[in-house]
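Have a look at the structure below before the remarks.
The values are calculated or read from the model by the stated rules, or taken from the named source; none is laboratory data. Note that the coordinates shown come from a computational prediction; the quantities given were computed from them, not determined experimentally. Backbone-built Cβ (ideal geometry, glycine too); neighbour counts: all protein chains shown.
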Amino acid sequence: MAEAILSTHALSRSFGPLKAVDAVSLNIPRGSITGLIGPNGAGKSTLFNLLTGALKPDAGTVLLDGRDITGDAPNALFAQGIGRTFQIPRPFARMSVLENAMLAPTGQTGETVVGPFLFRSRMRDQERRIRQKALDVLEFVTLAPLADHPAGKISGGQMKLLELARVLMGDPALILLDEPAAGVNPKLTETLIGRIEELNRQGTTFVIIEHDMDFVMRHCEPVIAMAQGSVVFQGTADEAMANPVLLDAYLGATANA
Amino acid sequence: MIGVVSYLVFFATTASILAIAVLGLNLQWGNTGLFNGGVVAFFGAGAYGTLILGGMPQGAHLGGFALFYPLALLGGMALAGLMAWIVGLLTLRLRHDYLAIATFGVAVAFENLVRNAEWLAGGAKGVRGFERPLRAMLGDGFLYNLCFLAVVLLALVATYLFLERLVASPFGRLLRAIREDEEAAQSLGKSPAGVRLTAFVTGSVILGLSGGLYGTFYAFVSPQDVLPTLTFQIWAMLIVGGSGNNRGAVFGAFLIWGAWTASGWALSRFAPVEAQLYTGSVQFVLIGAVIVGMLLWRPRGLLPERLVVSQRGKTPLAKQGV
């Protein structure tokens, strides 16, 4: 098995009496497209929130490239190369698609009150580069024609692509996608998968929460299954498909659908 | 005739001073989504700060540092900014409605402080002993008021241009992202707490500038100038003009101040004498009705926010004069 880019040890988080994530230890192999499956309420999104700093764990550790990043804030983790999207897309609705993308690069000179006045030429150079990069990234996710549209007015599927584009602006080594195919029309899903696989070939690691088993079986390796806050299976997609208990207990509805 | 012109100068001066305050609030609410319910505290800090720093020595209260006027004005702005920084550190973690209540409380506390701390701010009698700058040269008449209007207009234009450039910069982009979705912005590497505080302080410094000019204009400030009424009026100006649009903010200031003055005049002229006692209250009701009406039928204001973009996709950068 490839070396892990991200690993957790006994990671736990409760909400009152509910153990949403219960002593989860797992490894995300570098360069993989890891699928994270499990029924609703299994703790997948909570795990994402713990990995990206949106929630703080009650116990356990998270290591990125062997460094302890437990409890770091989301902004710090983005700067360290972890990008994430949301289950329900969160575009900056009253900003243009291009501006959504241009926001993401960290350390912009013009991001302070005085920057736009004191460091104008440096800011202008940066803006030119960031704008070009944003246009390239939007082109990559097929949103370039919508660059000047308000992000709140594009389709739900396009919003998912926009979230991916925003994340890509930070050149992350690891991208966590929360149900990228849910509610997206098949054509856009194909586009999205194509982009994910292309990025993966270039070395980006993905972790994908997905309910669509067909999607997971075709594109994810390895597969991690969660139920009631715990990891109940880690292995290849084929092994997951061959595991009757897993299919029956947690994926029955989706697999039969 | 000179009476009318003179009145117009007076009106334009007051409206311009208020327009500066509305621009400050627009940075906080319109661009960043921070509900400042205590506008008047920062306006008041600017006014008290300027008069105390720039006034003649007084036995009755603190002050009389007789600073060179521009320094006194800058000092008033700094005081407003300092207050915003402290208030911001304590309250900016709160979301909309809670932040509104907390800042409203700050404004009430500020009013009570200046009303009761006589040694500090002269209590109910207010701060006196301020000499308007260049009075010796320009006198007290029409000429002075005309020159002062020019100064105020200059401050208004400078503030407007400053904010227009700011909202079209990466910083403006950052403010809008925080306003739209703070968590998403944080997931993209931004630090919302710091950005919110910066916007709050910057907006409050502008409110302080407005207050400083107001105090200078009347050469006097008292607790009557920092009542919640003024917060209410400044909010009405922003809502009616168009939150998120700097032009709307200035337009709203002139429109609402015009309506306020006109309604006062009409009531004193045409209302029965018994009713005239209640002029202020009637005006309040009218302004309240205007706000409610706007929020119901035109919630984005007369000049709604345009899609402000720092950069466009299709036109090359060189053509935008960035």
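Restricting the range B:152-187 to residues that are without any contact (Cβ under 8 Å) to a residue 40 or more places away in the chain and among the aliphatic types (A, V, I, L, M), which is nearest to residue A:131 (Cα to Cα)? Result: B:174. For residue B:228, the stated conditions do not hold, so it cannot be described as within 14 Å of another protein chain (Cβ to nearest Cβ) and either at pLDDT below 95 or more than 30 Å from residue B:139 (Cβ to Cβ) (or both).
Residue-level analysis places residue A:109 among those that are more than 7 Å from chain B (Cβ to nearest Cβ), touching a residue at least 12 places away in the same chain (Cβ under 8 Å), more than 24 Å from residue A:5 (Cα to Cα) and surrounded by fewer than 24 Cβ atoms within 10 Å (Cβ to Cβ). Considered as a group, the residues in the range B:85-136 that are surrounded by fewer than 16 Cβ atoms within 10 Å (Cβ to Cβ) and acidic (Asp, Glu) include one that is nearest to the chain's Cα centre (by Cα), and that residue is B:97. Restricting the range A:132-175 to residues that are farther than 28 Å from residue A:28 by Cα and surrounded by 22 or more Cβ atoms within 10 Å (Cβ to Cβ), which is farthest from the chain's Cα centre (by Cα)? Looking at the filtered set, the residue picked out is A:147. Checked against the criterion of being crowded, with 20+ Cβ neighbours inside 10 Å, under 28 Å from residue B:300 (Cα atoms), facing chain A (nearest Cβ under 8 Å) and of a type in the set (Lys, Arg), the range B:189-208 has at least one qualifying residue. With (1) facing chain A (nearest Cβ under 8 Å); (2) part of a helix (DSSP H, G or I); (3) out of contact with any Phe, Trp or Tyr (no Cβ under 8 Å at 6 or more places or on another chain); (4) not aliphatic (A, V, I, L, M) as the list, and residue B:164 as the residue in question, which single condition is left unmet? So residue B:164 meets the others, but not (1). Among the residues in the range B:52-71, are any part of a helix (DSSP H, G or I) and either under 29 Å from residue B:265 (Cα atoms) or in contact with a strand residue (DSSP E or B) (Cβ under 9 Å, 6 or more places away or on another chain) (or both)? Checking the range B:52-71: at least one residue is part of a helix (DSSP H, G or I) and either under 29 Å from residue B:265 (Cα atoms) or in contact with a strand residue (DSSP E or B) (Cβ under 9 Å, 6 or more places away or on another chain) (or both).
Summed over the range A:172-196, the residues that are more than 11 Å from every other protein chain (Cβ to nearest Cβ) and part of a loop (DSSP other than H, G, I, E, B) give a count of 8. Here is the figure for the range A:129-151: residues that are part of a helix (DSSP H, G or I) and either modelled with pLDDT under 95 or more than 7 Å from chain B (Cβ to nearest Cβ) (or both) total 14.
Return yes when residue B:243 is of a type in the set (Gly, Ala, Ser) and over 24 Å from residue B:83 (Cβ atoms) and no when it is not. The answer is no for residue B:243. Only one of the numbered conditions (1) of a type in the set (Ser, Thr, Tyr); (2) assigned to a helix (DSSP H, G or I); (3) closer than 30 Å to residue A:30 by Cβ is not met by residue A:121, and that is (3). Among the numbered conditions (1) over 27 Å from residue A:197 (Cβ atoms); (2) touching a Phe, Trp or Tyr at 6+ places or on another chain (Cβ under 9 Å); (3) within 11 Å of chain B (Cβ to nearest Cβ), the only one that residue A:92 does not meet is (2). If you go through the range B:195-230 and keep only what is closer than 20 Å to residue B:160 by Cα and either among the hydroxyl-bearing types (Ser, Thr, Tyr) or in contact with a His (Cβ under 7 Å, 6 or more places away or on another chain) (or both), you end up with B:198, B:202, B:204, B:210, B:214. Which one of B:209, B:255 is over 30 Å from residue B:113 (Cα atoms) and touching a residue at least 24 places away in the same chain (Cβ under 8 Å)? So the residue among B:209, B:255 that is over 30 Å from residue B:113 (Cα atoms) and touching a residue at least 24 places away in the same chain (Cβ under 8 Å) is B:255. Against the criterion of being more than 18 Å from residue A:87 (Cβ to Cβ) and among the β-branched types (Val, Ile, Thr), residue A:205 qualifies.
Quick check on the range A:67-84. Is at least one of its residues at the interface with another protein chain (Cβ under 10 Å from one of its Cβ atoms), β-branched (Val, Ile, Thr) and assigned to a helix (DSSP H, G or I)? No - not one qualifying residue is present in the range A:67-84.
No other residue among A:98, A:36, A:47 is part of a helix (DSSP H, G or I), more than 8 Å from chain B (Cβ to nearest Cβ) and surrounded by 23 or more Cβ atoms within 10 Å (Cβ to Cβ) apart from A:47.
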